[in-house]
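Here is the structure we will look at, set down as structure tokens.
The values are calculated or read from the model by the stated rules, or taken from the named source; none is laboratory data. What you are looking at is a predicted structure, and each value in this text was computed from that prediction instead of being measured. In this analysis, Cβ positions are derived from the backbone assuming ideal geometry, glycine residues included, and neighbour counts consider all displayed protein chains. Just the protein is used for accessible areas: all its heavy atoms, side chains included, with ligands, DNA and RNA removed. Shrake-Rupley method; radii C 1.70, N 1.55, O 1.52, S 1.80 Å.
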Amino acid sequence: MPAHWIAQRTKCFDSSGIRKIFDLAANLSDPINLSIGQPDFDVPEAARRAAIEAIESRKNGYALTQGASPLLDKLKARIARQYGHPDREVFVTCGTSGGLMLAMLALVEPGDEVIVFDPCFVMYDALAGVCGGVPVRIDTYPDFRIPVDRVAAAITPRTKAIVFNSPANPTGAVASREEVRALAELAAERNVALISDEIYREFCYDAPFVSPAEFFPQTIVVDGFSKTYGMPGWRLGFAHGPSAVIREMLKIQQYSFVCAPHPFQLAGAAALEIDMGPHIAAYRRKRDLVVQGLKDAYELTSPGGAFYCFPRAPRGNATEFVHEAITKHNLLIIPGNVFSQRDTHFRISFAAPDAVIQRGVEVLRAMAKR
């Protein structure tokens with residue numbers, strides 16, 4: 001195949017490092033899997049029944065691009081109660097990842113700078129690059145707080161957007177109310193778009209969730225059902241923000257994803273009525289299990305949310321440490337350089353059964369003593 005067939009945009013990022021770990025896991029027998037970023041609980045029964053009923057009742061055609069009304073109406077009512085912004089519109093996306101892609105495509109032009117926080121979810125850099133944008137990383141080590149002064153210093157005339165994620169992947173850090181307010185006010189003052197990835201908003205363990213949209217009505221929020229309701233494979237998300245941006249995102253969706261899966265939208269409407277509090281409480285306990293098990297063996301900032309810890313490797317670099325964990329101990333974790341320009345930390349996902357977490361903690365404690 002001629003090399004010139006391949007678009008240059010594909011060269012701005014590599015295959016996901018997380019997927020490479022998954023490929024390696026396929027060759028292991030009985031791995032201790034603390035790598036995967038999806039809940040270990042299943043879709044609640046009421047939502048599963050709603051999906052089956054939708055399929056059996058022939059709701060298998062296209063939905064409206066903006067979303068099926070049973071789900072869309074509930075989302076509109078919920079968001080209106082939360083924010084009360086007269087110019088805030090909402091639509092249903094193909095997962096949170098689909099919403100992030102649409103937001104980047106609607107906002108970022110070649111040469112635009114997009115501020116992200118290091119470490120961060122792998123998709124932010126990649127999507128900015130696909131759009132021709134230039135990712136600008138703001139270092140948040142060692143405690144993963146939001147350094148608003150450094151963000152202010154990094155803003156230039158070419159800065160188009162800031163991508164914010166709290167609770168955060170891979171660190172589990174939750175920005176304080178003061179940090180969120182300061183970042184939102186900075187974006188408003190400098191006239192920079194603020195994209196808030198809120199997929200882990202329900203997984204806040206020590207303080208209530210705070211969205212920058214509370215302080216900056218022009219914030220573009222991307223959210224979804226994958227984590228809260230255990231349905232990552234159903235590809236169901238939503239986005240809301242100022243009408244001018246949302247309408248452009250919706251226009252791009254018409255020519256790309258078309259619509260989110262119709263039966264799962266109807267299941268999503270049922271999911272919104274389900275109390276997931278017991279699952280969140282269980283994950284708070286899992287968080288404590290990991291932190292208590294590792295705090296005297298590793299340099300570790302206790303995560304306030306999501307379902308990740310991001311300890312520092314006790315020796316060498318994180319890539320070498322993770323390779324040892326996988327090849328010698330059957331423990332699947334993710335090296336920090338997948339998410340960061342540094343190779344010092346590694347990600348643990350505690351979205352796993354307690355027995356698996358306990359096995360992983362035992363292995364990590366033994367490795368730290370070596």
**Candidate set from the stretch 152-185 (those that are over 23 Å from R284 (Cβ atoms) and among the basic types (K, R)); member that is surrounded by the fewest Cβ atoms within 10 Å (Cβ to Cβ)** = R158
**Request:** Restrict the check to the stretch 278-288 and report whether at least one residue is in contact with a strand residue (DSSP E or B) (Cβ under 8 Å, 6 or more places away or on another chain), part of a helix (DSSP H, G or I), among the basic types (K, R) and crowded, with 23+ Cβ neighbours inside 10 Å.
**Result:** yes
**Prompt:** Could you give every pair whose Cβ atoms fall below 8 Å, whose first residue belongs to the stretch 1-25 and is open to solvent by 70 Å² or more (accessible area, probe 1.4 Å), and whose second residue is at pLDDT 70 or above and among the charged types (D, E, K, R), counting only separations of at least 6 or pairs across chains?
**Reply:** F13/D125
**Asked** Which is closer than 24 Å to A282 by Cβ and surrounded by fewer than 20 Cβ atoms within 10 Å (Cβ to Cβ), of A207, A188?
**Response** A207
**Fill in**
Checked the stretch 173-208 for anything touching a residue at least 40 places away in the same chain (Cβ under 8 Å) and within 18 Å of the chain's Cα centre (by Cα); matches are A173, V174, I195, D197, I199, Y200, E202, F203, C204, Y205
**Message:** Looking at the structure I just gave you, is G37 under 18 Å from F238 (Cα atoms), open to solvent by less than 40 Å² (accessible area, probe 1.4 Å), touching a residue at least 24 places away in the same chain (Cβ under 8 Å) and under 17 Å from the mean Cα position of the chain (by Cα)?
**Reply:** no
**Prompt:** Out of curiosity, is R49 of a type outside the set (A, V, I, L, M) and open to solvent by less than 80 Å² (accessible area, probe 1.4 Å)?
**Reply:** no
**Complete:** Of the candidates R145, R137, the one satisfying the condition of being of a type in the set (K, R), surrounded by fewer than 18 Cβ atoms within 10 Å (Cβ to Cβ), assigned to a loop (DSSP other than H, G, I, E, B) and on the phi < 0 side of the Ramachandran plot is R145
**Neighbours by Cβ (under 7 Å, 6+ apart or cross-chain): first from the stretch 122-139, among the acidic types (D, E); second modelled with pLDDT under 95** = D125/F13
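Every residue, every condition in (1) without any contact (Cβ under 8 Å) to a residue 40 or more places away in the chain; (2) touching a helix residue (DSSP H, G or I) at 6+ places or on another chain (Cβ under 9 Å), yes or no:
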residue	(1), (2)
I146	yes, yes
R150	yes, no
A153	yes, no
T159	no, yes
F164	no, yes
T171	no, no
V222	no, yes
**Prompt:** Among the numbered criteria (1) modelled with pLDDT under 95; (2) part of a helix (DSSP H, G or I), which single criterion is violated by R315?
**Reply:** (2)
**Fill in**
In the stretch 148-166, anything assigned to a helix (DSSP H, G or I) and either modelled with pLDDT under 95 or touching a strand residue (DSSP E or B) at 6+ places or on another chain (Cβ under 7 Å) (or both) is listed as R150, V151, A154
**Complete:** Checked the stretch 77-134 for anything surrounded by 24 or more Cβ atoms within 10 Å (Cβ to Cβ) and touching a Cys at 6+ places or on another chain (Cβ under 7 Å); matches are M104
**Message:** I need every pair where a residue in the stretch 42-71 that is in contact (Cβ under 8 Å) with a residue 12 or more places away in the chain has its Cβ under 7 Å from the Cβ of a residue that is open to solvent by 90 Å² or more (accessible area, probe 1.4 Å), sequence separation at least 6 or different chains.
**Reply:** T65/Q254
